[in-house]
Amino acid sequence: MRRAVFVGAAALGLASLVASAVVPVGAQSSGVSAADLLGAAERAADGTTFRGTVIVEWTDGTTTRRQELPVEGDNGRVRVGNTVREQSAGTELFDAGSDWVVSWGGTEERAVPDPTAKYRLSVIGPVDVAGHAAQVVEARTLDGQLRQRTYVDTDTNLVLRRDVVEGARTRSVQFARVDENEAEPQFAHPPIATAGVSTQLRSLPDGMVAPAQVGNGYRLVGRYRAENGTYQLFYSDGLFTVSVFQQDGALDTKALPAGGQRVRVGGTRATQYTTPMGAVLVWQRDGVVFTALGDAPSADVVAVSTTVVRDNRSTLERVVDWLLAPIRF
Amino acid sequence: MNPPDDRVSAYLDGVLSAADADAVAALAASDPKWAAAIDDERAVRSALRSLPAAAPPPGFWTDVMASVRADEDSVTSLESRRRARHTYRWVGAGVAASVLLFVGALAVPNERSVRPSVSHLAEAHSARAGAASDPVSPVAPVVVQAGLFK
């Protein structure tokens with residue numbers, strides 16, 4: 001339901017491009033718009049079974065890394081290794097071989113920004129992905145810089161590959177092999193939810209920040225609190241998403257994984273990691289530990305973090321927050 | 001005989017009791033020194049009374065009043081001093097409280113040591129992104145969990 005609302009809102013935004021988004025090659029012959037194609041792709045896995053191997057490639061510094069994982073789909077449930085995600089009961093993540101479940105609650109309608117405010121969408125192709133013909137939805141910034149390619153199976157509308165382009169680097173997730181509607185994967189759902197449920201919030205407690213607009217065109221579309229006390233701000237620019245998590249306490253820098261790069265974000269020292277998902281930034285301020293991550297280009301994650309760092313609290317409020325941080329509940 | 005004393009002046013001022021006044025009169029009648037002392041005192045008084053009245057120099061009273069006003073300006077009233085002392089007391093209390101709070105904040109051990117689990121946070125993010133139906137997007141967070149962050 002929640003995903004449907006999110007996708008629906010995004011599709012409405014994309015629909016405004018229909019007239020201009022139909023582009024070259026295969027798309028011209030089929031008359032498929034970028035908005036229609038992405039909307040169909042989002043729904044495809046709900047009615048499809050598939051089994052295959054996915055390759056994740058990303059660049060960490062000057063090193064290109066690659067990871068290969070088995071993936072299965074069963075009408076809305078997607079299994080990667082032992083981890084299964086399904087959309088039917090809210091969004092749930094569970095271990096098919098164990099008994100734990102994590103649920104993400106909240107069915108709010110979120111005002112997702114219109115992606116056409118930042119991007120021009122177009123359809124090209126078809127191209128070959130893992131032996132399947134696929135149309136490609138390209139998203140470019142208004143000044144023409146390529147940001148994302150989404151490869152959609154021309155027969156089943158299943159997303160076969162996704163590239164996020166960051167200058168000369170490309171972060172991609174793609175099927176190396178996929179068999180569709182042939183196998184019937186069975187995922188056993190644990191009978192009891194044993195892990196936490198997060199809830200939607202209208203506001204955050206004192207000392208935590210929730211700017212409505214951040215980075216270059218990202219809008220706050222959700223605030224949540226997990227049972228372990230972690231607060232999540234969820235931002236979207238209509239195409240990419242970034243979350244900023246806030247946790248009370250002092251950052252245990254020794255517990256951070258190796259490989260981080262020390263950077264300054266908005267005048268605050270932070271540690272930045274490059275992951276297959278995208279950039280991750282970790283920093284602390286006034287007794288709160290912040291973690292920003294998302295599927296957006298790294299520059300966008302940094303821009304979002306910079307805005308959050310530069311919150312609009314007065315100096316006195318910051319001093320009070322800092323003083324009270326150790327005793328805040 | 002006692003020499004003349006300050007009863008001479010009091011006698012002429014008329015402030016002695018009747019007995020004392022009679023005693024001084026008896027002394028003046030019997031003792032030439034007392035009689036001379038009384039005559040001298042009476043002569044001095046008479047001479048002073050005969051002096052003309054002296055007028056103050058021009059501008060004297062103006063200068064006096066200006067001097068008085070200047071003194072008034074430089075004087076802080078007790079009330080204002082009391083108010084200032086009251087204010088200083090509160091400011092002092094505030095500063096002391098702030099210092100105590102500051103020291104207390106430093107002294108209280110912060111036991112909430114945060115170790116952000118990037119893998120779980122990545123999962124939470126991708127769940128919000130509604131990517132469960134996209135077969136490739138959920139893979140990246142899983143790789144994050146498996147390969148980089150525990």
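Fully extending the segment from B:D31 to B:T62 would add 5.9 nm, taking 0.36 nm per residue of separation and subtracting the current Cα-Cα distance.
Put in line by how crowded their Cβ is, counting other Cβ atoms within 10 Å and starting with the fewest, A:K118, B:K33, A:K254 read A:K254, B:K33, A:K118. Classify segment A:199-321 as rounded, prolate or oblate from the Cα gyration tensor: take a ≥ b ≥ c as the square roots of its eigenvalues, call it rounded if a/c is under 1.5, otherwise prolate when a/b beats b/c and oblate if not. Because its axes are fairly even, with a/c under 1.5, segment A:199-321 counts as rounded. Model label sites at B:V103 and A:T63, defined 7 Å from Cα along the beta-carbon direction, differ in position by 5.1 nm.
Between B:W90 and A:T53, what FRET efficiency comes out of the Förster formula 1/(1 + (r/R0)^6) with R0 = 60 Å and r the beta carbon distance, rounded to 0.05? Efficiency for this residue pair is about 0.25. Counting Lys and Arg as +1 and Asp and Glu as -1 over every other residue whose Cβ lies under 10 Å from the Cβ of A:L204, the net charge comes to +2. This ranking places B:E123, A:E68 by how few other beta-carbon atoms lie within 10 Å of each, fewest first, which gives A:E68, B:E123.
Residues A:T291, A:T307, arranged from fewest to most other Cβ atoms within 10 angstrom of their Cβ, appear as A:T307, A:T291. Spacing of the modelled spin labels on A:N216 and A:R202, each 7 Å from Cα toward Cβ, amounts to 3.6 nm. On the beta carbon distance between A:N75 and A:D128, with R0 = 25 Å, the FRET formula returns roughly 0.45. Extending 7 Å from Cα along the Cβ direction at B:R82 and again at B:S9 yields two label points whose distance is 4.2 nm.
None of the figures in this text is laboratory data; all of them are computed from the coordinates on show. Here the structure is a predicted model, which means the values were calculated and not measured. Cβ coordinates were reconstructed from backbone atoms using ideal geometry, including for glycine residues, and neighbour counts include every protein chain displayed.
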